[in-house]
């Protein structure tokens, strides 16, 4: 079994090989370090390694030394010798090259930020990727259920509310309502029966932070729900989770069973007389059931349709009892706020938005994934530092936040500090945290059509503004995208949008117009191109795009003709070919196939 | 330097994104390769998503005496290389290392 005693390396020189650093000469740097090690007879005590992206894009070439975690940025080949002799051999870092962490968390002024030059700060995702979510002992080993124990043994419901108020936590589902207030309103209702609901419906396309939290750390939500139950006076909680999340459902079921087994859920928790249990209810594929009153109807076995508010669920909710509904991410913050205190949490973030936010960063970005950053981080830091910038060398066009209820933000506003208020001022919303990056190849009309199509599909149909208005807006977008619209249509779009915002029964209808209003505001020129010029500048809208073969470039190889799925291309061998515009379906296969750049898209 | 199971811990990201990228095959490849070197599969555990969805499957390797490292894009071949090079030969594997995304507020 043992293969002889192997002397481990004392240090490791990590040369970042991410796309940006690779382009900046990472391989040459790697070779230079290797040579210097050989020169210093140090190849047995240090290993040079090329890595994937270390996440310091825009500061490359990057070199990281382990195990002491020193990060060097803007490293040139000439620096290799100094790093080896001074740091590796003699043990003292080369200070002039050490990463200047001005753009990391430290500028947001809280204690733990200065550690390790990291750009993210994980509170919600604190255990994801670190513990096995199917082993309750691993959760317990990392402060798990300590908050529940503290609350039950040492705190009154009023004290829990006070701690939450100090923390400034706002609902992470998108509306940003103060969590302490929601719990307090529900607590104040006098009723023997009350409920806690966790909203895990997560309907926004492009949002999956709730899924990842439940798959990676389900107990954080269960513990928080029990704390919420104690605070408002409930003994039963439901997790309403969309059926399209089978793995999250499975891990939740395992977690609930294990918590019950340990007496952390069920009767007489910790022997304090407080009882709380949790059950799961599955959604059935309706976006509208993420809206709290429709969600409640769904749990009650009724059709998922919203109801007018007031009365709010805190007064009359599930089965007409006082109910507090909170989002997965809101819950996941609770145990840490109890354990570290609301004041610690409030040091993170901005004046109006405390704590961190998890974003699902996707689209035309190099490093797409889930990130958790303090509120107040700028869009530029997220997109260019953490995200690594736009891939394929394209130009940034806009970033869409808040899913189908949100709007677009242009390059002009990239230095906006992200918080609830700032995003609203720009005409978008925080939403659940979806962040979709778009580049020059994305058509704003096309994107808007996509979101409208989604909202129209998901409309429950109960109120006329949404049912009829949404459909009308979509029809107008179709008209614009196919070059059939007129200038007067813009005013109609504005009028319908206004009506939907004012008169829809719920936020689905109320926010359906947001993508239209936002893109109209910031990309009016694109709309004009479609309406007046009958052209799609990004060449996405198929009806407005034509493919032509350039006769002076085409050598008649016939590859495009063979690729064409509708036989729209004809021509003699070695003579310029021609595309039949009537037959062409604008699929773009010929354009992709041509090796002579002989196909023009106009 | 002992290779007892207590000094090795390998975490394979098994969120939906990881599984979609092939994490189950990666997990099996690791346990198979460990067994080939006489090591127990008890040291391998599944974990949730670390957020670097672009680079799934991800595997974190903790071996005493070595820095703890996150590997990304770990397909079956890379998984076996990691066991051989990192766990047995105590050297890091090229082209796959990514950084921990954030400080650990608990541990």
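Computed from the coordinates by the stated procedures, all read-outs in this text should not be read as laboratory data. Keep in mind that what you see is a predicted model, and the values were worked out from it rather than measured. With ideal geometry, Cβ positions are generated from the backbone for all residues, glycine too; neighbour counts draw on all protein chains shown.
Side notes on the structure shown:
- Considering only the protein assembly as shown, percent of DSSP beta bridges that pair antiparallel, nearest 5: 60 percent
- Residue list for region A:537-577, given a label point 7 angstrom along the Cα-to-Cβ vector of residue A:595 and an amide N cut-off under 14 Å: A:555-560
- Semi-axis lengths, Å, chain B, gyration tensor of Cα atoms, sqrt of 5 times eigenvalues: 20, 16, 13
- Pair-distance distribution P(r) for region A:356-439, from all Cα-Cα distances in 10 Å bins starting at 0: 20, 61, 19, 0 percent.
- Equivalent ellipsoid, region A:259-332 (semi-axes from 5 times Cα gyration tensor eigenvalues, Å): 27, 15, 11
- Counting 0.36 nm for each residue step from residue A:424 to residue A:149 and taking away their Cα separation leaves a gain of 95.2 nm.
- Given R0 = 60 Å, the distance between the Cβ atoms of residue A:58 and residue A:267 translates into a calculated FRET efficiency of 0.60.
- Computed on the Cα atoms alone, the convex hull of the protein assembly as shown gives a volume of 182 cubic angstrom per residue.
- Going from the fewest other Cβ atoms within 10 Å to the most, the residues A:596, A:523 appear in the order A:596, A:523.
- For region A:470-581, the relative contact order works out to 22 percent when only alpha carbon pairs closer than 8 Å and six or more residues apart are counted.
- Normalised by the number of residues in chain A, the mean separation of alpha-carbon contacts (under 8 Å, six or more apart) gives a relative contact order of 11 percent.
- Point-to-point label distance, residue A:35-residue A:175, nm (Cα→Cβ direction, 7 Å offset): 6.5 nm
- If you plug the beta carbon distance of residue A:587 and residue A:552 into 1/(1 + (r/R0)^6) with R0 = 35 Å, you get a FRET efficiency near 0.90.
- For region A:11-99, the calculated P(r), taken from all Cα-Cα distances in 5 Å bins from zero up to the bin holding the longest distance, is 3, 17, 31, 27, 16, 5, 1 percent.
- Whole-Å distance, taken between Cα centres, linking region A:469-510 and region A:205-232: 37 Å
- Cβ crowding within 10 Å, taken as a proxy for footprinting-reagent exposure, orders A:210, A:442, B:99, A:525 from fewest neighbours to most as A:525, A:442, B:99, A:210.
- Per-residue [θ]222 nm for chain A (sum of -39500 (n - 2.57) over DSSP H runs n ≥ 4, rounded to 500): -10000 deg cm²/dmol
- The slack between residue A:312 and residue A:498, meaning 0.36 nm per residue of separation minus the straight C-alpha distance, is 64.5 nm.
- Within the listed set B:30, B:82, B:19, the residue fluctuating most in the Gaussian network model of chain B (springs between alpha-carbon atoms under 10 angstrom) is B:19.
- Pairwise centroid distance, computed over Cα atoms, of region A:283-335 with region A:518-587, Å: 48 Å
- Rg in Å to one decimal, and Dmax rounded to a whole Å, for region A:454-558 via C-alpha atoms: 17.7, 61
- For residue A:77 and residue A:525, a Förster radius of 51 Å and the Cβ-Cβ distance give a FRET efficiency of 0.65, rounded to the nearest 0.05.
- Gain on full stretching of the segment that runs from residue A:96 to residue A:303 - 0.36 nm per residue minus C-alpha separation: 68.1 nm
- One Cα centroid belongs to region A:399-459, the other to region B:24-79; the line between them spans 37 Å.
- Cα shape, region A:136-344, gyration tensor, a/c 1.5 rule: rounded
- Listing A:251, A:126, A:467 from fewest to most neighbouring C-beta atoms within 10 Å gives A:467, A:251, A:126.
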